[in-house]
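The values are calculated or read from the model by the stated rules, or taken from the named source; none is laboratory data. Bear in mind the structure is a predicted one, so any value in this text is a computation, not a measurement. Counting neighbours? That spans all protein chains shown, and the Cβs are built from the backbone with ideal geometry, glycine included. What goes into the accessible areas is simple: the full protein's heavy atoms, side chains included, and nothing from ligands, DNA or RNA. Shrake-Rupley method; radii C 1.70, N 1.55, O 1.52, S 1.80 Å.
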Amino acid sequence: MPEREMRADVLVIGGGLGGVAAALAALRAGRTVLLTEEYQWLGGQLTSQAVPPDEHSWVERFGVTASYRALRDGIRDYYRSHYPLTDRARRTRDLNPGAGHVSRLCHEPRVAVAVIEQMLAPYRGSGRLTVLQPAVPVAAHTDGDRVTAVTVSFEGGPVVLTAPFVLDATETGDLLPMTGTEYVTGAESRTETGEPHAPAVADPANMQALSVCFAIDHVDGNHVIDRPASYDFWRAYEPPFWGAPMLSWQTPNPRTLQISTRSFTPNPDDDPWLVDADQRVNPGDGNLWTFRRIAARRNFTGGLYPSDVCLVNWPMIDYFEHPYVDAPDPAAVERAARELSFSVLYWLQTEAPRPDGGTGWPGLRLRGDVTGSPDGLAMAPYVRESRRIRAEYTVVEQDLSLEIRGDKGAASYPDSVGVGMYRIDLHPSTGGDNYIDVASCPFEIPLGALIPQRMENLLPAGKNIGTTHITNGSYRLHPVEWNAGEVAGALAAFCLDRAVSARAVRNTPALLTEFQSRLIADGVELRWPDISGY
């Protein structure tokens, strides 16, 4: 089969939240876009990875871009238009369909998929946007410091994609090694970054855990899955720092590292209106059923939902035996992580201690129809830590740690292109580290973190921006990934309009001011009001 070729103004490889936001920004600026995605759903961690949005406490008022707010509003409107909500649920402005504690907007992944498709539909219809899906990058071609083409596998054969600007919005920074772009993995040393929580010696293989999420409900009948092949291993597994078997209700408290006992009560018949999803007050993970619940049956009429739907993204599904990024066989690592998730489910169904003194909930039912995957788990693994570019500016712990910054607040960057807020939240890692969970100040996103030190037309558009192993823990969440992707798409379009490089935009005051003004006009917030972190 001869190679097919396609061309656009902007090429976005990866259709997660950053990739979608990048495509939308370039399209709004009048550019043509090629967007590729490996999985059947666009949306990445929000959809194919089945992770309800992790957001800051002020998300309903400020601190996200206008287009991210449109995504959130669209999700709520979709429920109001298509679901039989109770009158009270339909009337509330800040509808939380799942009444989960992790976010003020916990919802089913398919709804986000539908809304993302709605946001892209006009550009597909006009021909300005072409989406190749499922498509996987397999090679890149360069000429000096420029990417000239990316080859993807699509519909059984190669397709060569070209554009003046290439954006890497993949979950693991796949284009960085393909293009020879300088990048970092794992933990930098304290000598390099000066970060209090960095290790003394760099460890490129020390990365946050991989997780394969899944959805469950609890109904009549026996829904116990086949005993996983690796169940005996995981049932006996006790990480040195865990303080208990991993398959138990005892886990380290991320903030104190003291051993805490979680509760689990399927369908507690709680009032969804009493849920206060504010992580300043309570991280919300005490009762694992309601922690990331994505459908609260009391929000719907007519008995439509016989049970709540609970999304399992809990400590015991964190796979940190082997790193995923730059592994000799990433597929084998993902298979092992999936085995862990199945083992957790089997334990819940058969051996988990119940409050009444019994063991197991055989009525727990795996809801693969909710997550869209043939094996019943999420389509894609939740990758917390990507390859990260060596950038013109790298965000370090000293820029945003509340303990270090105190009343001064996070570092303010003259080249700010957005804002974000989340605690510096690192899950246990492949290097044997326990949780690192540090209070953070509301922070800015510097444009320098999106500019590679050498490459001229390759931009990061997701979790692969210039952060460290430590600060990635704050910058990896949904609204920040969206903001980074949106800026990358807007920057590519701006550079094409002005016939300048991305590096010149950052380092030329007049161009930077003009670009920041354009972002503000598009609804991108560059500064925080005077608020305190947590």
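From 435, 475, 422, grab the single residue that is of a type in the set (Phe, Trp, Tyr), out of contact with any helix residue (DSSP H, G or I) (no Cβ under 8 Å at 6 or more places or on another chain) and more than 19 Å from residue 523 (Cβ to Cβ).
Exactly one of 435, 475, 422 is of a type in the set (Phe, Trp, Tyr), out of contact with any helix residue (DSSP H, G or I) (no Cβ under 8 Å at 6 or more places or on another chain) and more than 19 Å from residue 523 (Cβ to Cβ), namely 435.
Among the residues of segment 45-71, what is the count of those that are surrounded by fewer than 19 Cβ atoms within 10 Å (Cβ to Cβ) and part of a loop (DSSP other than H, G, I, E, B)? If you could, list the steps in order and put the result at the bottom.
Step one: list which residues in segment 45-71 are surrounded by fewer than 19 Cβ atoms within 10 Å (Cβ to Cβ), which gives 57-58, 60-62, 66, 69-70.
Right, trim to part of a loop (DSSP other than H, G, I, E, B) and you get 57-58, 60-62.
Selection size over segment 45-71: 5.
Would you call residue 417 buried (at least 24 other Cβ atoms within 10 Å of the Cβ) and part of a strand (DSSP E or B)? Outline the logic, then answer.
Details: buried (at least 24 other Cβ atoms within 10 Å of the Cβ): yes; part of a strand (DSSP E or B): yes.
Answer is yes for this residue.
Looking only at residues in segment 25-35 that are farther than 15 Å from residue 152 by Cβ and open to solvent by less than 10 Å² (accessible area, probe 1.4 Å), which one is nearest to the chain's Cα centre (by Cα)?
Of all residues in segment 25-35, those farther than 15 Å from residue 152 by Cβ come to 25-32.
When the remaining residues are screened for being open to solvent by less than 10 Å² (accessible area, probe 1.4 Å), the result is 25-27.
Numbers: 25: 19, 26: 21, 27: 23 Å.
Looking at the filtered set, the residue picked out is 25.
Given (1) open to solvent by less than 50 Å² (accessible area, probe 1.4 Å); (2) under 30 Å from residue 296 (Cβ atoms); (3) over 27 Å from the mean Cα position of the chain (by Cα), identify the lone condition not met by residue 223.
(1)
For segment 194-203, which residues satisfy the criterion of being over 23 Å from the mean Cα position of the chain (by Cα) and open to solvent by less than 20 Å² (accessible area, probe 1.4 Å)?
The one that is over 23 Å from the mean Cα position of the chain (by Cα) and open to solvent by less than 20 Å² (accessible area, probe 1.4 Å): 195.
Take segment 226-261 and flag every residue that is open to solvent by less than 20 Å² (accessible area, probe 1.4 Å), within 26 Å of residue 366 (Cα to Cα) and of a type outside the set (A, V, I, L, M).
228, 231, 234, 248, 251
Among residues belonging to segment 72-129 that are buried (at least 18 other Cβ atoms within 10 Å of the Cβ) and among the polar types (S, T, N, Q), point out the one that is farthest from residue 292 (Cα to Cα).
96
Quick check on residue 32: is it over 26 Å from residue 317 (Cβ atoms), in contact with an Asp or Glu (Cβ under 6 Å, 6 or more places away or on another chain) and among the hydroxyl-bearing types (Ser, Thr, Tyr)? Quick ask: steps written out before the conclusion?
Details: over 26 Å from residue 317 (Cβ atoms): yes; in contact with an Asp or Glu (Cβ under 6 Å, 6 or more places away or on another chain): yes; among the hydroxyl-bearing types (Ser, Thr, Tyr): yes.
Considered against the rule, which asks whether it is over 26 Å from residue 317 (Cβ atoms), in contact with an Asp or Glu (Cβ under 6 Å, 6 or more places away or on another chain) and among the hydroxyl-bearing types (Ser, Thr, Tyr), residue 32 comes out as yes.
(1) closer than 24 Å to residue 338 by Cα; (2) in contact (Cβ under 8 Å) with a residue 40 or more places away in the chain: which one isn't true of residue 197, the others all being true?
Exception for residue 197: condition (1).
Quick one: how many residues across segment 121-155 are assigned to a helix (DSSP H, G or I) and either touching a helix residue (DSSP H, G or I) at 6+ places or on another chain (Cβ under 7 Å) or farther than 30 Å from residue 94 by Cβ (or both)? Step through it out loud before you land on a result.
Filtering segment 121-155 down to residues assigned to a helix (DSSP H, G or I) leaves 121-126.
Cutting the leftovers down to either touching a helix residue (DSSP H, G or I) at 6+ places or on another chain (Cβ under 7 Å) or farther than 30 Å from residue 94 by Cβ (or both) gives us 123-126.
Number of matching residues: 4.
Considering only residues that are among the basic types (Lys, Arg) and over 23 Å from residue 430 (Cα atoms), which ones fall in segment 356-395? Show your work before the answer.
First pass over segment 356-395, keeping only residues among the basic types (Lys, Arg): 365, 367, 384, 387-388, 390.
Answer for segment 356-395, where residues must be among the basic types (Lys, Arg) and over 23 Å from residue 430 (Cα atoms): 365, 367.
From the list 42, 11, which residue is open to solvent by less than 10 Å² (accessible area, probe 1.4 Å), among the aliphatic types (A, V, I, L, M) and either in a strand (DSSP E or B) or without any contact (Cβ under 8 Å) to a residue 40 or more places away in the chain (or both)? Even if it seems obvious, please write down each step before you answer.
On the way: 42 fails: either in a strand (DSSP E or B) or without any contact (Cβ under 8 Å) to a residue 40 or more places away in the chain (or both).
So the residue among 42, 11 that is open to solvent by less than 10 Å² (accessible area, probe 1.4 Å), among the aliphatic types (A, V, I, L, M) and either in a strand (DSSP E or B) or without any contact (Cβ under 8 Å) to a residue 40 or more places away in the chain (or both) is 11.
Looking only at segment 268-306, count every residue that is buried (at least 24 other Cβ atoms within 10 Å of the Cβ), among the polar types (S, T, N, Q) and under 17 Å from residue 364 (Cβ atoms) and tell me the total.
1
Please report, ordered by residue number, the helices (runs of 4 or more DSSP H) entirely within segment 307-413 with at least 2 residues that are out of contact with any strand residue (DSSP E or B) (no Cβ under 8 Å at 6 or more places or on another chain), surrounded by 18 or more Cβ atoms within 10 Å (Cβ to Cβ) and not basic (Lys, Arg).
Values: elements: 330-350, 368-371, 402-405.
In segment 307-413, the matching helices (runs of 4 or more DSSP H) lie at 330-350.
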